[in-house]
Amino acid sequence: MSPAADSHRATRIGITGLGMHVPSKVLTNADLEKMVETTDEWITSRTGIKERRIAEPGVATSDLATEAAREALAQAKLKPADVELIVTATTTPDMLFPSTSCIVQDRLGATSAVCFDLSAACSGSVFAMITAQQFLLNGRYRNALVIGAEVLSSFIDWTDRATCVLFGDGAGACVMAPVKRGGILASDMGCDGSAKDLLYMPGGGSRNPPSHESIDQRMHLLRMNGTEIFKLATRAMADSAIRVMKEAKLSPEHVECFIPHQANTRIIEAVAKRARLPMAKVFMNLQRYGNTSAASNLIALYEAVKEGRVKRDDHVVLVAFGAGLTWGSIALQW
Ligand code: UT7
């Protein structure tokens with residue numbers, strides 16, 4: 001597109017800075033072999049995960065989120081005092097209230113920012129980016145700090161081999177703002193609340209407030225029907241990716257990098273096949289971090305850019321899926 005034509009196009013919202021932070025403690029499959037009846041072979045062949053990061057006791061989601069946010073702000077050359085909106089996607093907030101975004105605001109000194117959290121489980125960072133995009137497109141705010149952060153290890157049943165091998169802790173962040181070049185081309189979101197019981201944590205909310213009984217019944221820990229989630233995730237993510245590519249007028253050949261939610265290599269392979277995206281274009285880092293839920297897509301985008309898998313002008317498709325059920329995708333030009 002010529003510079004003249006470009007100046008007349010509708011404003012697009014893009015990413016002007018990225019950050020990530022994971023705890024230094026590594027939990028390997030060999031470590032898990034000592035905790036539950038499992039093997040490195042089973043975990044690797046069924047999920048692709050080799051290790052994950054685990055926060056030390058006392059470390060909360062806002063701690064990881066603040067570190068990732070600082071890096072994203074520095075990359076965007078945006079001073080904390082100039083941040084206008086903070087949206088944090090998390091399933092594991094520091095506490096039910098106040099929002100983790102308000103805690104991060106205070107830690108950063110982002111005194112002018114409007115802050116709220118968003119609950120969309122593993123689709124969190126994609127939902128939060130699309131939400132921030134709306135505020136930026138309509139001109140309400142001039143920039144936004146979007147964070148996906150989790151300390152899932154606090155809510156994992158470490159005696160349940162079917163779930164404890166899957167998840168990890170971490171945070172990703174990005175700064176979003178109107179851009180002259182590239183930016184978000186299209187987005188897609190969907191939900192199916194009828195499948196809410198396939199992946200959930202029943203305790204700790206108003207339905208089952210904390211009690212001795214709720215603790216005894218392990219209600220404050222994650223529960224999942226992995227097989228059903230597997231099937232639904234594959235279909236929903238592929239269909240969402242196909243829709244977003246269509247809306248962005250991108251065929252699979254035009255996509256340089258595909259960044260799916262990092263839950264399971266087999267799910268990702270099935271999604272890529274259904275969406276006609278070759279595995280050579282797919283970015284994966286789940287082998288090192290496991291499923292970091294709301295942080296997953298942002299951490300993956302961060303590393304894809306850092307490793308040179310996403311270059312200037314490349315077309316990127318992010319796709320997510322999570323509890324709710326929720327799913328969503330973003331097509332953007334870098
Ligand atoms: O972000 C969205 C969140 N969730 C997901 O994306 C998870 C989606 N689901 C999955 O990734 C897969 O369903 C799992 C990896 C969780 C499980 O893989 P699967 O191929 O669906 O295995 P399965 O649940 O059907 O279990 C097969 C066998 C069972 O034994 P039996 O009943 O066949 O004797 C399980 O008890 O594997 C057993 N098993 C394990 N064995 C060793 C389950 N977990 C383990 C384990 N180690 N950690």
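Is the stretch 260-334 rounded, prolate or oblate when judged by the Cα gyration tensor, a ≥ b ≥ c being the square roots of its eigenvalues, rounded requiring a/c under 1.5 and prolate requiring a/b larger than b/c?
rounded
Quotient of the Cα radius of gyration of the chain and 2.2 N^0.38 Å, N being its number of residues: 0.95. If you take all other residues with their beta carbon under 14 Å from the beta carbon of A76, and give Lys and Arg +1 and Asp and Glu -1, the sum is +1. Give me the percent of accessible area attributable to carbon and sulfur for the stretch 161-267, probe 1.4 angstrom. Carbon and sulfur atoms account for 54 percent of the accessible area of the stretch 161-267. Take the chain and mark each of the GluC sites (Glu not before Pro) that is in a DSSP loop with at most 15 other Cβ atoms within 10 Å; the longest unmarked stretch, sites excluded, is 38-306.
Applying a length cut-off of 24 Å (Cα extent along the axis) and a mean Kyte-Doolittle floor of -0.5 to the DSSP H helices of the chain leaves 226-247. Close amide-amide hydrogen proximity is noted between A89 and L118, I147, G148, A149, each under 5 Å apart and 5 or more residues distant or on a separate chain (H modeled in the peptide plane; Pro and chain starts excluded). Label-to-label distance, K196 versus Q287, with points set 7 angstrom from Cα along the beta-carbon direction: 3.9 nm.
So which chymotrypsin sites (Phe, Trp or Tyr not before Pro) in the stretch 53-150 end up in coil per DSSP with only 10 or fewer other C-beta atoms within 10 Å?
Loop-located and lightly packed - none at all.
Averaging sequence separations of C-alpha pairs under 8 Å and six or more residues apart, then dividing by the length of the chain, give the relative contact order as a whole percent.
Computed value for the chain: 25 percent relative contact order.
Roughly what would the spin-label model give for K306 and V26, points 7 Å off Cα along C-beta, in nm? The modelled label-to-label distance comes out at 1.4 nm.
For the stretch 109-199, just say rounded, prolate or oblate: build the C-alpha gyration tensor, square-root its eigenvalues into a ≥ b ≥ c, call rounded for a/c under 1.5, and beyond that prolate if a/b exceeds b/c, oblate if not. Prolate is the answer for the stretch 109-199, as a/c is 1.5 or above and a/b outweighs b/c. I need the fraction of alpha carbon pairs in the stretch 184-334 separated by more than 18 Å, rounded to a whole percent. The answer is 58 percent, as a whole percent. Between the stretch 189-257 and the stretch 44-103, what's the alpha-carbon centroid distance in Å? Using only Cα atoms, the two centres lie 20 Å from each other. For A331, the shell of other residues with beta-carbons less than 12 Å away shows a net charge of 0, using +1 for Lys and Arg and -1 for Asp and Glu. Computed from the Cα positions only, the extents of the stretch 3-180 along the three principal axes stand at 61, 36, 25 Å, in decreasing order. Structural descriptor for the stretch 3-180: relative contact order 34 percent, calculated from alpha carbon pairs under 8 angstrom and at least 6 residues apart. Note down the relative contact order for the stretch 82-196 as a percent, whole number, built from C-alpha pairs under 8 angstrom at least six residues apart. Taking the mean separation of contacting Cα pairs over the length of the stretch 82-196, I get 28 percent. Once the C-beta distance of W42 and N208 is scaled by a Förster radius of 35 Å, the resulting FRET efficiency is 0.65 to the nearest 0.05.
Accessible surface computed residue by residue for the chain, with neighbouring protein chains in place and a 1.4 Å probe, gives 44 Å² per residue. Express the carbon and sulfur contribution to the solvent-accessible surface of the stretch 13-90 as a percent, rounded to the nearest whole number, probe 1.4 angstrom. It is 52 percent, rounded to a whole number.
By a 1.4 Å probe calculation restricted to protein chains, W42 has an accessible surface near 100 Å², given to the nearest 10.
The values are calculated or read from the model by the stated rules, or taken from the named source; none is laboratory data. Note that this is a predicted model, so its numbers are computed, not measured. Reconstructed Cβ throughout: ideal geometry from the backbone, glycine too, with neighbour counts over all protein chains shown. Side chains are part of the model used for accessible areas, which takes the heavy atoms of the whole protein and leaves out ligands, DNA and RNA. Shrake-Rupley method; radii C 1.70, N 1.55, O 1.52, S 1.80 Å.
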